[in-house]
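Enquirer: The following block contains the structure, expressed as structure tokens.
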Amino acid sequence: MDQFRALLTASYGRHYLAQRLVADSLGNQSPQGSLIQVSTPAKQHIGAVGDHLILEMTSADQARIIQIEPRENILYRSDAFKSKIIASNVDQILVVLATQPAFSPDLLGRAVVAAEANQIGLHILLNKCDLKDNLEHARKIIEPYAKMGYPVSEVSAKFDPASIEALRPTIQGKISVFVGQSGMGKSSLLNAWVPNAAALTQEYSVRLDTGKHTTTACRYFELPQDWGRGSNGKLGALIDSPGFQEFGLAHMSVSELQHAFREFKDLLGKCRFHNCAHESEPDCAIRDAVDRNVIAPERLALFKQLRSDSKTADTQLQGISQAKERWSALATKPSKR
């Protein structure tokens, strides 16, 4: 059978949808045509929305994955026992926060770390700025990130269309993924930028057969043609990820974590001890920077928490591995008669 390139455009658990990639006159490829149900080898969780695939049709509207092409990056969250892929091949993360309900500073900090670790751009969107009661409090939480150079935009998806239109140049031509808790207004932003998003969401739901669980699906929406193309010649797209309360980064090593804190980089290697944990060691350059208000104290607290998470995950994985080895030895040991 003929094989062809496709883009994975929706996922829910082990259920995937894809569309054929078709080249335009400039050679840029975009997803076109009807949705194709995609099966994976042995029902594995191997795909991510944004993946470029090589598929082979198995029926009129179904195909199987032959190959996943090399990824530029992959964004996922994890704890000691499991990982959850968010998206792949993305240019930037749009962290959606809101004045109401209150957002999690911890999730914001972790999203920033994930972006730095994967060399993905990040833009903070503070939504519902028409609700003034908590606006100053939200600004105070975001302030350390603005000082570090992360772009911040204040918007109101429902009541200030101009604030949404002003962000077009930020997302035009780029593959952007929404990250945020439920209730932050991701759907309102998506519908403002992609007028047919609601209809396409319904089509995804029917084809994935997810019913009321479709809100936990991850979905790809190409930006409107009338926006024109970015400087890279591409239309760009938005990836809508499910709202989540926690952003685990247990898969990151301590070294990876340190280098994912932008404000730490110039100070790494300047502590008295090369393996400084920035806890209570003397002559710690990071803690000194906190004392001088160069680094926000909550950022050091986040690093310590992530470092602890990483070490806990390593310990738990080692324990699981050792238990498996013991059970394997018992299973292969000849019984005495």
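Readers should treat all values here as calculations from the given coordinates under stated rules, not as data from a laboratory. It should be emphasised that the depicted structure is a prediction, and the values quoted were computed from it without experimental measurement. Here the Cβ is made from the backbone with ideal geometry for all residues, glycine too, and neighbour counts use every protein chain on show.
Enquirer: Over the alpha-carbon set of segment 3-68, work out the extent along each principal axis and list the three values in angstrom, largest first.
Expert: Dimensions of segment 3-68 along the principal axes of its Cα atoms: 38, 22, 18 Å.
Enquirer: Further question: Between residue 308 and residue 207, what is 0.36 nm times their sequence separation minus the Cα-Cα distance? Round to one decimal in nm.
Expert: This chain segment gains 32.2 nm when fully extended.
Enquirer: Can you flag which of 82/140; 158/234; 174/265; 82/234; 270/304 are past 30 Å Cα-Cα?
Expert: Checking Cα-Cα distances, 82/140; 82/234 exceed 30 Å.
Enquirer: Would you pull out the residues with amide H under 5 Å of residue 49's amide H, same chain only if 5 or more places away, H placed 1.01 Å from N?
Expert: The answer is 88.
Enquirer: Using alpha carbons only, what's the Rg to Rh ratio of segment 23-168 with Rh from Kirkwood?
Expert: Taking Rg over the Kirkwood Rh, I get 1.06.
Enquirer: Please work out how much length the chain gains when fully extended from residue 262 to residue 199, using 0.36 nm per residue of separation minus the C-alpha to C-alpha distance, in nm with one decimal.
Expert: Stretched out fully, the residue 262 to residue 199 stretch lengthens by 18.7 nm.
Enquirer: Stick to the Cα atoms of the chain, pair each with every other, and give me the Kirkwood hydrodynamic radius in Å at one decimal.
Expert: This gives a value of 22.0 Å.
Enquirer: Can you spot the aspartates and glutamates whose alpha carbon is less than 17 Å from residue 84's alpha carbon? Ignore those fewer than 8 places along the same chain.
Expert: The reachable aspartates and glutamates, counting only those whose Cα sits under 17 Å from residue 84, are 51, 240, 246, 309.
Enquirer: A follow-up question, please. Hey, can you rank 92-103, 121-132 by average C-beta count inside 10 Å, highest first?
Expert: 92-103, 121-132
Enquirer: Taking residue 147 as the anchor, which aspartates and glutamates have their alpha carbon closer than 12 Å to its alpha carbon, excluding any fewer than eight residues away along the same chain?
Expert: Hits, sequence-local ones excluded: 263.
Enquirer: Could you give the nm distance between label points at residue 281 and residue 106, where each point is 7 Å from its Cα heading toward the beta carbon?
Expert: Between residue 281 and residue 106, the simple spin-label model gives 2.6 nm.
Enquirer: Segment 1-84: which chymotrypsin sites (Phe, Trp or Tyr not before Pro) are DSSP loop and have at most 14 other beta-carbon atoms within 10 angstrom?
Expert: Qualifying residues, ordered by number: 81.
Enquirer: Based on other C-beta atoms within 10 Å, arrange 201, 170 from fewest to most.
Expert: 170, 201
Enquirer: From the helices alone, meaning DSSP H stretches of at least four residues, give me the mean residue ellipticity at 222 nm for the chain, per-run term -39500 (n - 2.57), in deg cm²/dmol to the nearest 500.
Expert: Rounded to the nearest 500, it is -9500 deg cm²/dmol.
Enquirer: Same structure again: Among the trypsin sites (Lys or Arg not before Pro) within segment 221-315, which fall in a DSSP loop and have no more than 10 other Cβ atoms within 10 Å of their own Cβ?
Expert: 272, 292
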